[in-house]
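Every number in this text was worked out from the coordinates using simple rules, so none of it is lab data. Computed from a predicted model, the values in this text were never measured in an experiment. A quick note on method: Cβ atoms are made from the backbone with ideal geometry, for glycine too, and the neighbour counts reach across all protein chains shown.
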Amino acid sequence: MTLYSRLSLLSLIFIIAIVPITIMAHKDHSDGHDHSHDGTMTSHVEFRPLTEEELERFHGHLGPFVVLGAKMGEHAVTVHEIPRYFGLTVLVECPDSPPSSCLIDGLQPSTGATMGKRNIKITPAEEVKVTIINDDSGKKVIYKLKASTKALFKRWADENTITITERGQRVFKMEAEALFDIQVIEG
């Protein structure tokens, strides 16, 4: 075997054995997300409360149910330190048509859980119940509409004296504790 042949063979062995290892070790995860040391997705997007305008832009109008969803999500993230975007699961039980199902659109921008990432799941149900889970700790925050919230929404519907947008604006000014029965289950 000539020197040239031996060098070519050594080069080929190097390319086959070393280059793939080097490429895997330096993979840059160019999918636009940060990856922690264990490969899980993370986000460094700073939390800030949603505005009425942002909710309206996302959903198309500012109805009371989209606001309810946003209130649930923001409460879970700020008060109960549920992570945003990744590391959480949102389980939504609600009627499968508007207006109740509109709360799903409030949960997405407030928690960062989305249909595309598949970390929000919807189950048709008679009553509204939302469970927001910290995937790492197992902590669950469960939201149900208070009887007083249901009564307020029924009165607004029966009287029909204020617009859907005005209802959303009024709910936007209310605290989560006034709207929901909230149960926390530590993981």
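Here are some notes:
- Largest first and in whole Å, the equivalent-ellipsoid semi-axes of the range 34-187 read 27, 16, 13, each the square root of five times a Cα gyration tensor eigenvalue.
- Highest-first arrangement of 136-142, 151-157, where packing means the average Cβ count within 10 Å: 136-142, 151-157
- Taking amide H as placed 1.01 Å from N in the peptide plane, the amide H of K146 sits under 5 Å from that of F180, D181, each at least 5 places away or on another chain.
- Kirkwood hydrodynamic radius computed over the range 98-168 comes to 14.2 Å, based on all pairs of distinct alpha carbons.
- Using the Karplus relation 6.51 cos²θ - 1.76 cosθ + 1.60 with θ = phi - 60°, the per-residue 3J(HN,Hα) values for the range 115-129 come to 4, x, 7, 6, 9, 10, 10, 10, 10, x, 8, 6, 10, 7, 8 Hz, with x marking Gly and Pro.
- Listed values for the range 101-107 are Karplus-derived 3J(HN,Hα) couplings in whole Hz (6.51 cos²θ - 1.76 cosθ + 1.60, θ = phi - 60°), namely 5, 5, 4, 4, 6, x, 5, and x replaces Gly and Pro.
- Inverse of mean 1/r across different Cα pairs in the range 148-187, Kirkwood, Å: 11.6
- The range 67-119 and the range 129-152: distance between their alpha carbon centers, rounded to Å: 10
- Extension gain, S148 back to T163 (0.36 nm per residue minus Cα-Cα distance, nm): 3.4 nm
- Residues with amide H under 5 Å from that of A113, placed H, sequence gap 5 or more: Y85
- Lysine pair count for the range 91-155 with Cα-Cα distance under 14 Å and sequence separation of 8 or more or different chains is 6.
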